[in-house]
Protein chains: 2
Amino acid sequence: MDDIFYEDVSPGAVLRAGPYVIPEQELLDFAAAWDPLPIHVDKDYAARHGGITAPGIYLLAVRMRLIHRLPFRRTVVAGFGFDEVRFHRPVHPADALTLELTWRDKRRSKSRPDCGIVSGHCVLVNAAGEMVMSHLDTILMRLRDPERAD
Amino acid sequence: MDDIFYEDVSPGAVLRAGPYVIPEQELLDFAAAWDPLPIHVDKDYAARHGGITAPGIYLLAVRMRLIHRLPFRRTVVAGFGFDEVRFHRPVHPADALTLELTWRDKRRSKSRPDCGIVSGHCVLVNAAGEMVMSHLDTILMRLRDPERAD
């Protein structure tokens, strides 16, 4: 896929990446380092409560890894932040997650004439088609041709 | 510090944890795994652009690690999500970050009479006192005594 520049962003269009199958050991190691709640790291405890679940922070990290499979590497300048981050359903080891990014809005940047501000709705979906995480993402993205763009 | 239950949450009160001094290798390893943009992983590239900066996802992970230094382990049941996550300033290796959590709001849960829903404003502050990241956090928290609480 060619690099996606500001001019290529079309509100309503959907990009997909994945699936990413959650490796149990990766989830356990991440949780042990960053969010060692029993439900994330203790298999005996978790077995009595529906099984090991992924920390929210880990799901955000998986989302970012999937974003890197899309052709933004040379065109995304910065991320402003996330809004409405929601964890809808538990994610377990071996779940296969797909990223769906739906472009929401775009406008030129006043301070960076070579860039635009783009927002998108990001969703992680499991193999059953259920939404497990969602949020809005707002990024600063390069224009292909600042002289000619609207 | 004693466990913090729902009854102990007082809107406006501030909890602090840290400082956490960002280890360069940890930042580089995290970025290589999850968000390998040149500004996060490539020292030569970064040297021409103000130095290596921390990925936003890494800062959220550091925030969670600092949350675990507060006495919530037995009392936080789940996180609903984050709102208004903003990355205000770049964070570099060796920066010393402190978490400031200001309680915002609280109410009893209708579906879980043994719990309440609590929100707080979380800020990571560097050694110069500058805010580097902020967001709202909403969590489900146990009551100490469901029979007697308001």
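The values are calculated or read from the model by the stated rules, or taken from the named source; none is laboratory data. Source: prediction; values computed, not measured. All Cβ positions, even for glycine, are placed from backbone atoms using ideal geometry, and neighbour counts span all protein chains on display.
Within region B:1-13, being within 18 Å of the chain's Cα centre (by Cα) and loosely packed, with under 12 Cβ neighbours inside 10 Å holds for B:Gly12, B:Ala13.
If a residue must be exposed (fewer than 15 other Cβ atoms within 10 Å of the Cβ) and over 12 Å from B:Val91 (Cβ atoms), how many such residues does region B:39-67 contain?
6
Condition check: facing chain A (nearest Cβ under 9 Å) and out of contact with any strand residue (DSSP E or B) (no Cβ under 8 Å at 6 or more places or on another chain). Does B:Ile52 satisfy that? Considered against the rule, which asks whether it is facing chain A (nearest Cβ under 9 Å) and out of contact with any strand residue (DSSP E or B) (no Cβ under 8 Å at 6 or more places or on another chain), B:Ile52 comes out as no. Take the conditions (1) modelled with pLDDT under 95; (2) within 30 Å of B:Ile139 (Cβ to Cβ); A:Leu66 misses just one of them, which is (1). Among the residues of region B:59-104, not one is touching a His at 6+ places or on another chain (Cβ under 6 Å) and over 19 Å from B:Met131 (Cβ atoms).
Report whether or not A:His135 is in contact (Cβ under 8 Å) with a residue 12 or more places away in the chain and of a type outside the set (D, E, K, R). When the stated conditions are applied, A:His135 passes them. If I go through region B:57-73 residue by residue, how many of them are in contact (Cβ under 8 Å) with a residue 60 or more places away in the chain, among the aliphatic types (A, V, I, L, M) and assigned to a helix (DSSP H, G or I)? Total satisfying the criteria: 3.
Taking residues in region A:75-93 that are more than 12 Å from A:Ile117 (Cβ to Cβ) and more than 9 Å from chain B (Cβ to nearest Cβ), and partners anywhere that are among the hydroxyl-bearing types (Ser, Thr, Tyr) and not in a strand (DSSP E or B), the pairs with Cβ atoms closer than 7 Å and at least 6 places apart or on different chains are A:Pro90/A:Thr53; A:Val91/A:Thr53; A:His92/A:Thr53. Among the numbered conditions (1) in contact (Cβ under 8 Å) with a residue 24 or more places away in the chain; (2) polar (S, T, N, Q); (3) more than 10 Å from chain B (Cβ to nearest Cβ), the only one that A:Ser111 does not meet is (1). Beta carbons closer than 7 Å, at least 6 apart along the sequence or on distinct chains, pair a first residue in region A:27-45 that is under 17 Å from B:Ala78 (Cβ atoms) with a second that is of a type in the set (S, T, N, Q) for A:Ile39/A:Thr53; A:His40/A:Thr53.
Give region A:127-150 a look and list any residue that's surrounded by fewer than 18 Cβ atoms within 10 Å (Cβ to Cβ) and touching a Leu at 6+ places or on another chain (Cβ under 7 Å), or say none. Hit for region A:127-150 is A:Ala149, nothing else.
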